[in-house]
Amino acid sequence: MGNQKTRIPHSQTVELLNDRHAINELIERILGLALHAGLKDAAIFAVRLAIEEAITNAFVHGHQDLGSDVPVLVEYKVTLGEIQIAIEDQGPGFIPESLPDPTLIENLSKPFGRGVMLMKAYMTEVLYNAQGNRVTMRYSTP
Amino acid sequence: MSESRLRVSKIDEVTQIEFIDRNILDEANIQAISDEISGIIEQASSPNLLINFANVDHLSSAALGALITINNKANEKDGKLRLANIDPQIYEVFVITRLNKLFSIHETLNDAMEHFNKATS
């Protein structure tokens, strides 16, 4: 263990299994709240992409050695013009800074390694915990 | 055998491929699409592929990865992959990842077809 737990205050928490229907349902629920909170089309596009990438990373990389019955934890909180989401897997974590830059010429034709850079490009803030198994993302309307 | 996620038609020497799904996001779906297009490439001697993004609202980095794999396979067989009709929001994803430099992207199907014809004439 030894992993610091800094929950998003007053957030909703969901335990999510790698089931496409459950993932879609959760994303639609979060985006529905975001629409109500005044986020516009471009923001909804950004948030959908970032959540999708973070959930994929959690299951495909974080849980690659874990059983399909191990859930990923998703926290979300929507306030006026802002959304915060944390996705925490139960894997060993990784070092985000160690990822190669996928936009370098020598990496352009590699078919992987773009998820984290897209999350960072589209969200206002993307932070990993020290262990690298929990990402907290925020989108604020400019 | 699962249901096809693509509409495929052959026009002149070009195989046009259209996605049925509006969201190209989840791994299983992307793998199925990638396998189907790879099958088309394997059957052709120098595959000319045109992927029509007209129906697509969202795609993920995994979908970009599949497109890169398809592009690499087409190039290996002296073929050519072109992409067309990409929604501006999705085109921005290509720009952010600089994949607009890797792929041949055209505004319309006609424009892409003209480039295929120029290359063969």
Cross-chain or 6+ apart pairs with Cβ under 9 Å, the stretch A:101-127 first and over 15 Å from B:Ile96 (Cα atoms) and in contact (Cβ under 8 Å) with a residue 40 or more places away in the chain, then in a helix (DSSP H, G or I) and among the basic types (Lys, Arg): A:Val126/A:Lys120
Residue check for A:Glu28: touching a residue at least 40 places away in the same chain (Cβ under 8 Å) and in a helix (DSSP H, G or I): no
Residue match in the stretch B:101-116 (condition: farther than 30 Å from A:Ile44 by Cβ, within 15 Å of the chain's Cα centre (by Cα) and crowded, with 18+ Cβ neighbours inside 10 Å): yes
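Each reported figure results from applying straightforward, stated rules to the coordinates on display, with no laboratory input. Being a predicted model, the structure only gives us computed values, none of them experimental. Positions of Cβ are generated from backbone atoms using ideal geometry, with glycine treated the same way; all protein chains shown enter the neighbour counts.
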